[in-house]
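Contents: one structure, followed by commentary.
Computed from the coordinates by the stated procedures, all read-outs in this text should not be read as laboratory data. The shown structure was predicted, so the numbers you read here are calculated from the model rather than taken from an experiment. Using ideal geometry, Cβ is built from the backbone for each residue, glycine included, and neighbour counts are taken over all protein chains shown.
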Amino acid sequence: MNTSQRLALLVHSAADAIIAIALDNNVTDWNTAAERLYGYTQDEIVGQPVHLIVPPRLLEHFYVNVEKVKVGQIVLNYHTVRVKKDGEEIEISLTISPIRDEQMKLIGISAIARNLSREDRLLRQISEDQTLLGVLTESAPNGILVVDENGFITLCNKQTELLFGYRRDELVGQSVEMLIPISLRSKHPHYRKTYSDHPTERQMGASRDLTGLRKDGTSFPVEVGLAPIRLQDRHLVTASVIDITERKVAQEKLQQTNRELARRNEEVEQFIYTISHDLKSPLVTIQSFLGFLKDDLRSGDQAAVEDSLKRLSAANSRMTDLIGDLLQLSRVGLKKLNFEQVNTAYIVSELKESIESELSKEDRITVVNPLPTLVCDRLKLRQGLDNLLRNAIRYGKSNEHPLHIKISAAETDTAHVFTVADNGPGIDPKYHDKIFGLFQRLDSSAGGTGVGLTIVKRVADLHHGTAWVESSPGLGARFSISISKNIKLTADQGDDNE
Amino acid sequence: MNKFRECQRKKIHFLLVEDDENHAEIIKRGLDKARISNTLDWVQDGQMAMDFLKKRNGFESRSEPDLVILDLKLPKKNGHEVLSEIRADPALETIPVVILSTSGAEADRALSYKLRTNSYLVKPLDYDCFKRLIDDLSFYWGTWNAPPKDMKA
């Protein structure tokens, strides 16, 4: 047997399907394995166009490959689909190479094909699944960790690295407890055991606040979802970690708003109750003294008539004062705030001028300069200072010496503080909080309504500040109101318009 | 009025705690015309009421009141504070206290009773009602009410 005979036998009995086509793409050779693989006998196919075994949808692709080979390339282990004589499609691995004669001239193309086995297909599926899973895991917005039965991290994704600040190689193989704050670490193995005894898909620590620990030592609130993975001989757990810092912040803000609303509501209730009580008081007087007046008129007691009339008129003006002050108070809360640059020296000098006319000759008001320019609501600050001055005039008078009121301003790190000091009888410290309450007066004879300091306090609240008094009996009183330096200019408003 | 002549009457001593001068005047006038003879001491805030009851700060020589008529809205110390201080003091705890307030609010009434007021009365708007209330109040406490003998400190 010469070489070419041996080669012919080799091709003929090879396990792989070996075919050859001429340059016109017609089949020239077709071995026994090809007969088995494609279902065509050698006699049937030789001389026929090779595209009989190519699915029409792949024809274009097929010719591209053929052209590549014709210019000298080899297509190796190329996975594709062919169609058998009976129409069934088969997956094959194909190697295509050029056939040349002794002068290296291209005379045809050979194609060696092998049917892909079930294992081959499974392996390919697995590799594809792995790629898919990898992409899914990596692109997940959550940190994903797989932890084995001993608490060691076996796998984690990109987001886990970002969340905790560790590189993957610093995490894999380490105990998952490294991601838990030290103070909570000791309990975790116990929780892990409880979980592996009753593994279900669930939220970790549903009723607890969970915390994660970053590489840099900082911690952050997390939510963790757990799911068991049961393999043949291993029990793994996958943990999906979400950073809930922002959610917590939002929650807290909401709760704060709720508390604020509840407080406001309580304030309104208290307000309505107080109003109903204090407005009723002059009405009781009016009704009763109208009764007395009738009796007095009947009995002709002129002095008593005049007394009743005087009381009726006083009760009437008290009612008017109360309603006026209440309107003023409600306006403090109702009108939209307008924060702007305000020169307070200007406000104070205006107030001083308007109030001095109500003072007796020997009384005086001193302004201690400088007074600041700051961001506040001009009208409201003016209202607050106005009430402080009127409060000083009403309650700061003493029988011993003329009234002297001093207005000054000071600055702390966080606030501007305005102080109105008087040289009056002073106030016992145990009443210092009480006097800022609505309708609270320490001296019913001084004629106020008990609204003024409530207005002052509200003005302070609106400027994130406070209102307070420093005083002792006999030593005068210093009323102060603070205006936070953190107040921002109201947005839709022009620049400094002082 | 005559048919009550056989009732045994006592002279009754009131302590009126009331910051509103007009309301105090209404109550005083009502008591003057009441069916029973009485004396009245009047203080204008809660702090003075406690000074009076504890015989201090100028009230050392006052006589014991048979009944305290107590307003709720008072300067310095409100009616509820006064009431709870009275009830917390072994020397004062049995003294009858009647709240007489403009407030008809449930919270005020409930707290007053919790603090062991003997009665809670709302100041009537109507003149005749107010007169009648004061008359009934003095007659009830001065005639029908029978306090224990050792009530006074």
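Near the amide H of A:V54, under 5 Å away, which other amide H atoms are found, from residues 5 or more places off or on another chain, if H is placed in the peptide plane?
A:V83
For the range B:17-95 and the range A:408-485, what is the separation of their C-alpha centers, rounded to whole Å?
30
Read phi for every residue in the range B:51-58 and hand back ³J(HN,Hα) as whole Hz from Karplus 6.51 cos²θ - 1.76 cosθ + 1.60, θ = phi - 60°, with x for Gly and Pro.
Along the range B:51-58, the couplings run 4, 4, 5, 8, 6, 9, 6, x Hz.
With the contact rule set at Cα under 8 Å and sequence spacing of 6 or more, what percent relative contact order holds for the range A:260-393?
21
Could you give the C-alpha radius of gyration of the range A:1-59 expressed as a fraction of 2.2 N^0.38 Å, taking N as the number of residues it contains?
Ratio of Cα Rg to 2.2 N^0.38 Å: 1.19.
Lys and Arg at +1, Asp and Glu at -1: add these up for the other residues within a Cβ distance under 15 Å of B:L125 and post the number.
0
Give the range of the longest stretch in chain A that excludes all trypsin sites (Lys or Arg not before Pro) found in loop regions by DSSP and having at most 15 other beta-carbon atoms within 10 Å.
A:362-487
Could you give the longest part of chain B that holds none of the trypsin sites (Lys or Arg not before Pro) found in DSSP loops with at most 11 neighbouring Cβ atoms within 10 Å?
With a cap of 11 other Cβ atoms within 10 Å, the longest stretch comes to B:57-153.
Tell me, what HN-Hα J-couplings in whole Hz come from the Karplus equation 6.51 cos²θ - 1.76 cosθ + 1.60 at θ = phi - 60° for each residue of the range A:41-47, using x for Gly and Pro?
Per-residue couplings from phi come out as 7, 4, 5, 5, 9, 4, x Hz.
For A:T373, enumerate residues with amide H under 5 Å from its amide H, sequence gap 5+ or separate chain, H modeled in the peptide plane.
A:T344
Between the DSSP loop rule and a limit of at most 15 other Cβ atoms within 10 Å, which GluC sites (Glu not before Pro) in the range B:1-91 are left?
B:E6, B:E60
Through the Karplus equation 6.51 cos²θ - 1.76 cosθ + 1.60, θ set to phi - 60°, convert the phi angles of the range B:80-93 into ³J(HN,Hα) values in whole Hz; use x for Gly and Pro.
5, 5, 4, 4, 5, 5, 4, 6, 8, 9, x, 7, 10, 4
Determine the relative contact order of the range A:171-304: mean sequence separation of Cα pairs under 8 Å and six or more apart, normalised by residue count, in whole percent.
Relative contact order comes out at 14 percent.
Which whole-number percent is the relative contact order of chain A (Cα, under 8 Å, 6+ apart)?
Result for chain A is 8 percent.
Would you calculate the volume per residue, in Å³, of the smallest convex hull containing every Cα atom of the range A:157-287?
It is 168 Å³ per residue.
For the range A:3-116, how big is the tail of P(r) above 23 Å, as a whole percent of Cα pairs? Intermediate values should be presented prior to the final figure.
On the way: 1394 of 6441 pairs.
Cα-Cα pairs of the range A:3-116 separated by over 23 Å account for 22 percent.
Please work out the Kirkwood hydrodynamic radius for the protein assembly as shown, using every pair of different C-alpha atoms, and report it in angstroms with one decimal place.
Answer for the protein assembly as shown: a Kirkwood hydrodynamic radius of 35.3 Å.
With Kirkwood's inverse mean 1/r over C-alpha pairs for Rh, give me the Rg to Rh ratio of the range A:329-432, two decimals please.
Ratio value, two decimals: 0.99.
Please list, ordered by chain and number, the residues whose modelled amide H lies under 5 Å from the amide H of A:W30; skip anything fewer than 5 residues away on the same chain.
Counting only residues 5 or more places away or on other chains, the set is A:A20.
Over the Cα atoms, compute the radius of gyration (one decimal) and Dmax (the largest Cα-Cα distance, rounded to a whole number) for chain B, in Å.
14.9, 45
Which loop GluC sites (Glu not before Pro) in the range A:48-136, with loop taken from DSSP, have no more than 15 other Cβ atoms within 10 angstrom of their Cβ?
For GluC sites (Glu not before Pro) across the range A:48-136 that sit outside H, G, I, E and B with at most 15 neighbouring Cβ atoms in 10 Å, the list reads A:E88, A:E102.
Net charge near A:R192: determine it from the other residues with C-beta under 13 Å of the C-beta of A:R192, scoring Lys and Arg +1 and Asp and Glu -1.
Once all neighbours under 13 Å are counted, the net charge is -1.
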